[in-house]
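Structure record follows, encoded as structure tokens.
The values are calculated or read from the model by the stated rules, or taken from the named source; none is laboratory data. Small disclaimer: the values here were computed from a predicted structure and weren't measured. Don't worry about glycine lacking a Cβ; one is built from the backbone with ideal geometry, like all the others, and counts go over all protein chains shown.
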Amino acid sequence: MAFGCRKDKTTWNSDWVVPLINDSLLIKDYVNDSTLAINGDQTIQIIAERNLINLDLSSIIEIPDTSVVQSFVIGLPSLTLAPGSSFIDEIKQHEFSFEEIVLTSARIKSGKAIIRIENPVSSKGVFTVSLPGVIKDGVEFSFTEIVSGGTAANPGIGNLVLNLKGYTIDMTGETGQLYNLLQSKMKVSTDPNGPSITLTNQDVFKTRVKFEGLKVDYAKGYFGNVMFSDTTIVDVKELSKITGGSINVEDINLQLIIRNGIKVRAVGEVNLFESINYNNNVVGLTHPYFGQQFNIEPALGAWNSLAPSELPFLFDQTTGNMENFIENIGSKYEIGYAIELNPLGNTSSGNDVLYPQSSLGIDLKANFPLLIGADKLTLRDTFEIDFKNDSKLVRVLNGKLILNTTNTFPFGAEVKLELLDENNNSIKQISSSGLISPAQINSAGNAHLPIKEKLEFLIDEEAADLLAETKSIMVTAVFSSTTYTNNKVFANAALKLLLTSQLKLKSEL
Amino acid sequence: MILKKINLIFFGILFAIGNNVNGQELLPVMYDSTLANRQIIMNGSFFQHGSSLKNDFSRKFIFGGEISDELSQRTYESQKKYNRIGGGAKFRIAYKSANQIFKSKPNWSWMIDLANEVHGTADYSGDLLGLAFLGNASFLGESVNFSNSSAQYVQYLSIGGGIHNRKNKNFISLNAILPQNFFMLSVNKGNVSFTEDGANIDLILQGEILEAAADPYFKGLGAAVNFDFNIPFGNSESFSGVMKVTGRNLGFYQLHNAKLQEIDNSISYSGFQLADFANDSQMTTLKDTLGVRESTTSPMRLLPGFIQVGKVATADSKHKLQSTFGVRMYTNYFYKPMIYLGVHYQPLTSFSLGSQISYGGYGGFRLGLYANYTAKNIMIGIGTEDILGALLKSQYGHSGLIRLAWKF
């Protein structure tokens with residue numbers, strides 16, 4: 001409207017102060033969560049218990065999909081039956097086909113039975129199918145289905161799908177001395193409300209039970225001589241942001257524990273454990289047990305009293321090279337291992353047992369003071385931004401980002417920002433006017449003194465203009481510690497951050 | 001085809017003028033009781049008037065240019081706790097026929113009436129203006145209250161027809177209203193506080209925004225009446241004259257599928273936490289943070305019409321100096337009833353001029369000035385309701401009026 005009279009646009013500048021980040025990193029947040037503890041002298045102790053690797057053991061016992069077919073024909077040329085008469089009642093035994101595994105008992109964690117019943121006579125049949133020795137809460141697996149009549153050529157069909165979760169299967173057969181066996185029982189009666197029927201020896205009564213997708217959480221028997229081996233690469237994303245510098249760790253004392261929660265004897269070997277850092281420097285973890293076979297004892301106890309066996313690998317000042325390994329600050333780890341179950345065959349006499357809580361894995365237990373020095377340890381991270389500074393209404397003219405810090409960590413940092421374009425090319429560096437200094441120990445030697453500092457990142461008009469084409473911001477922080485050795489961290493360690501923007505905006509109408 | 005082209009050109013001109021002239025239709029029109037021929041009458045006007053915004057500031061929006069920090073500061077300091085401003089522009093063209101349409105009423109004939117109008121109003125706190133033009137750096141450690149602030153803007157075409165009396169110049173026309181732009185902001189509760197170090201912002205906001213749907217060319221449909229009724233009073237021995245009752249755009253329109261955004265929230269913001277920047281953390285949008293609820297609605301709205309009742313000068317008066325006075329009321333609550341009082345001087349039959357002082361409307365006192373020239377077939381009038389506003393930066397508004405009439 002009024003704009004038609006204009007030679008120029010209406011413009012004005014305004015000054016805005018807006019908080020961007022307000023956060024505190026407190027060492028106390030990590031105390032009492034099985035990571036850190038506070039010593040009597042207020043120093044921090046690393047007391048970590050971590051489960052590093054857990055192998056899925058349900059794959060040890062794999063029950064193949066199995067179909068059990070049971071059929072019946074009378075032995076006479078013909079037979080007339082009154083309503084409600086039972087004329088079939090028999091048990092059959094079927095064998096699961098495992099390769100090397102010998103099971104006497106198993107409990108189903110998941111899986112189903114798909115049942116099909118065929119009735120060849122013209123009137124309804126009452127079919128009862130049960131699986132002797134398949135029990136849940138003391139009740140045998142059994143069901144009754146009334147199947148409509150048919151003919152020998154086109155029998156009446158009944159279909160059922162039953163969930164087997166929680167059923168325990170006794171696989172020792174009718175004698176109780178065998179293994180890998182499953183029994184089934186079929187009972188057929190004539191319709192109690194129907195007419196009398198006449199059977200011939202051409203009438204075939206049939207049931208088919210198909211077990212599908214059975215997984216177990218309990219199994220007993222002999223689990224076979226099984227070998228697992230793998231070489232795997234683990235990327236630690238957070239550490240991949242380190243691009244330079246070094247750290248110094250001291251007084252390391254930690255254990256890697258191989259934990260066996262199944263009652264099976266095994267042997268294992270760690271043949272490769274390497275750390276690869278930002279500079280592609282490789283440090284292999286060494287230990288007297290690495291590169292040779294070690295025995296893994298079976299777990300003890302049963303069910304609630306199950307106690308996994310543990311094989312500890314201690315790393316301290318005299319054993320292994322864990323300090324060098326950690327100081328490599330690797331972001332990529334290559335681990336090679338092999339585990340063999342029952343290396344000497346069925347030495348348990350069929351008493352290998354897998355419990356629901358059984359697991360095979362590697363745990364970490366650490367207990368040592370947090371003494372970490374840093375020398376120009378450089379972290380670099382990139383954040384995508386979509387800063388629309390080409391808006392016709394409002395755009396940033398200039399300003400600054402102000403970072404107010406209060407630091408009681410014995411680490412300081414210099415921070416740089418870099419604007420990147422869509423091809424990740426640097427288009428502008430924004431340096432800070434100050435730095436975060438490492439805190440100094442107080443006179444009592446039980447805490448670091450807080451240091452308040454203010455860093456200013458100047459956004460000049462050139463940088464503001466470049467915001468329109470900036471697709472990401474790269475933050476580079478270079479950390480150095482108060483001292484490189486014996487650099488203690490105390491319980492009051494905290495870094496409080498308040499990042500605010502002070503921007504002059506130009507508005508245009 | 002030719003008619004279609006003419007229509008397109010006409011609407012094009014309407015649109016162009018409507019978007020380049022800012023307006024109101026109150027150039028004093030002398031009452032003339034002579035029998036009129038066919039006429040084409042064009043009115044163009046613009047006005048802007050506020051309670052607290054001085055012209056040195058508002059002219060930056062009319063003519064462009066940079067608002068200096070010093071001007072922003074000075075303008076903020078001159079605001080009252082609550083202020084109002086309004087403005088509008090109009091281009092209207094009417095054709096009045098001379099053909100008799102009623103057998104028993106020889107002076108009545110038909111007319112058509114087309115216009116493009118825009119009207120905007122706002123009711124705002126002084127702090128809100130300060131915040132917008134100075135930024136929050138000037139309000140650290142303070143609160144900015146903008147409760148009961150509101151703004152509305154509508155632009156529409158009107159097209160219609162009616163009947164007019166060639167003798168006493170009464171007319172009434174019924175117009176279809178075709179809104180093309182609409183925006184309304186209403187804040188019932190609004191307050192934003194900033195801590196001294198700028199580390200925390202507390203916002204309380206309860207309000208709504210209603211805007212026309214983006215797609216259709218016409219955002220809705222409505223109807224309105226325009227009329228003039230001239231009522232002679234008194235006699236030649238006593239105080240006499242003609243009272244004119246003017247009504248423009250008295251009616252409603254309905255917006256189709258307008259977008260309604262409602263907010264009722266209070267937020268305390270002190271910056272993000274570092275965990276918010278983690279890759280798997282979803283940053284919320286400003287709308288989500290504010291809890292904006294969006295819906296569509298088809299509300300009925302009152303047109304920004306007005307009624308003016310006042311004594312007008314008469315062309316056939318035996319006095320060279322005549323008085324004019326009256327009151328004008330807009331159909332919106334921002335506009336306070338405006339009263340005016342003026343003199344009209346007609347030294348020659350073909351030329352007259354006048355002046356009036358007014359109070360009310362969107363602001364306070366204004367001094368108006370106008371001149372009319374009448375020849376055989378044409379009449380030209382120009383004026384302003386705010387002559388001081390045209391001259392002085394310290395005034396609070398602008399106004400311009402033009403009226404052309406061609407008799408044939």
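Report, by residue number, each residue of segment A:251-279 that is in contact with a helix residue (DSSP H, G or I) (Cβ under 7 Å, 6 or more places away or on another chain) and in contact (Cβ under 8 Å) with a residue 60 or more places away in the chain. Let's see the steps before the verdict.
To start, the set of residues in segment A:251-279 that are in contact with a helix residue (DSSP H, G or I) (Cβ under 7 Å, 6 or more places away or on another chain) comprises A:252, A:254, A:262, A:275.
Listed by number, the residues that qualify are A:I252, A:L254, A:I262.
Of all residues in segment A:201-242, those that are surrounded by 15 or more Cβ atoms within 10 Å (Cβ to Cβ) and closer than 30 Å to A:K332 by Cα total 6.
Within segment B:311-350, the set of residues being crowded, with 20+ Cβ neighbours inside 10 Å, more than 30 Å from B:L185 (Cα to Cα) and of a type in the set (F, W, Y) comprises B:Y340 only.
Of all the numbered requirements in (1) within 28 Å of the chain's Cα centre (by Cα); (2) surrounded by fewer than 19 Cβ atoms within 10 Å (Cβ to Cβ), A:E422 misses one, and that requirement is (1). Considered as a group, the residues in segment B:251-274 that are assigned to a loop (DSSP other than H, G, I, E, B) and more than 14 Å from chain A (Cβ to nearest Cβ) include one that is nearest to B:F171 (Cα to Cα), and that residue is B:H256. The number of residues in segment A:353-398 that are under 30 Å from A:V264 (Cβ atoms) and in a loop (DSSP other than H, G, I, E, B) comes to 5. With respect to the conditions (1) exposed (fewer than 14 other Cβ atoms within 10 Å of the Cβ); (2) in contact with a Phe, Trp or Tyr (Cβ under 8 Å, 6 or more places away or on another chain); (3) among the hydrophobic types (A, V, I, L, M, F, W, C), A:F411 lacks only one, and its number is (1). Considering every residue within segment B:180-193, establish whether at least one is within 14 Å of chain A (Cβ to nearest Cβ) and small (G, A, S). Yes, because at least one residue in segment B:180-193 is within 14 Å of chain A (Cβ to nearest Cβ) and small (G, A, S).
Looking at segment A:35-50, can you tell me whether even one residue there is away from chain B (no Cβ under 14 Å), within 30 Å of A:N342 (Cα to Cα) and of a type outside the set (F, W, Y)? Yes, the conditions are met somewhere in segment A:35-50.
Screening the candidates B:F91, B:F63, B:F102 for the property of being more than 11 Å from chain A (Cβ to nearest Cβ) and touching a helix residue (DSSP H, G or I) at 6+ places or on another chain (Cβ under 8 Å) yields one hit, B:F91. Against the definition (in contact with a Leu (Cβ under 7 Å, 6 or more places away or on another chain) and not hydroxyl-bearing (S, T, Y)), how does B:A214 come out, yes or no? Considered against the rule, which asks whether it is in contact with a Leu (Cβ under 7 Å, 6 or more places away or on another chain) and not hydroxyl-bearing (S, T, Y), B:A214 comes out as no.
I want to confirm something. Restricting to segment A:47-80 and keeping residues that are in contact with a Ser or Thr (Cβ under 9 Å, 6 or more places away or on another chain) and without any contact (Cβ under 8 Å) to a residue 60 or more places away in the chain, which single residue is surrounded by the fewest Cβ atoms within 10 Å (Cβ to Cβ)? Result: A:D56. Of these, B:F252, B:F306, which one is under 21 Å from the mean Cα position of the chain (by Cα) and either modelled with pLDDT of 95 or more or more than 30 Å from B:S355 (Cβ to Cβ) (or both)? The conditions single out B:F252. The residue that is nearest to the chain's Cα centre (by Cα), among those in segment B:206-249 that are under 16 Å from B:P179 (Cα atoms) and of a type in the set (D, E), is B:E211. Checking B:T331, B:T324 one by one, the residue that is polar (S, T, N, Q) and under 30 Å from B:S150 (Cβ atoms) is B:T331 and no other.
Taking the conditions exactly as written (surrounded by fewer than 20 Cβ atoms within 10 Å (Cβ to Cβ) and among the charged types (D, E, K, R)), does B:E117 satisfy them or not? So B:E117 does not fit the description; no. Of all residues in segment A:492-503, count the ones that are facing chain B (nearest Cβ under 8 Å) and in contact with a Gly (Cβ under 6 Å, 6 or more places away or on another chain). Selection size over segment A:492-503: 2.
Can you tell me which residue among B:Q395, B:Q308 is crowded, with 16+ Cβ neighbours inside 10 Å and closer than 22 Å to B:I41 by Cβ? Give the derivation first.
Numbers: B:Q395 fails: closer than 22 Å to B:I41 by Cβ.
Testing whether each residue is crowded, with 16+ Cβ neighbours inside 10 Å and closer than 22 Å to B:I41 by Cβ leaves just B:Q308.
Tell me which of these A:S78 doesn't satisfy, since it passes every other one: (1) in contact with a Gly (Cβ under 8 Å, 6 or more places away or on another chain); (2) modelled with pLDDT of 85 or more; (3) away from chain B (no Cβ under 14 Å). All conditions are met except number (1).
For first residues located in segment B:239-254 and without any contact (Cβ under 8 Å) to a residue 40 or more places away in the chain, partners that are part of a strand (DSSP E or B) and of a type outside the set (D, E) and lie 6+ apart or on another chain with Cβ distances below 7 Å form the pairs B:S240/B:F233.
Would you confirm, using the coordinates I've provided, whether B:G141 is within 14 Å of chain A (Cβ to nearest Cβ), of a type outside the set (D, E, K, R) and farther than 27 Å from B:D56 by Cα? When the stated conditions are applied, B:G141 passes them.
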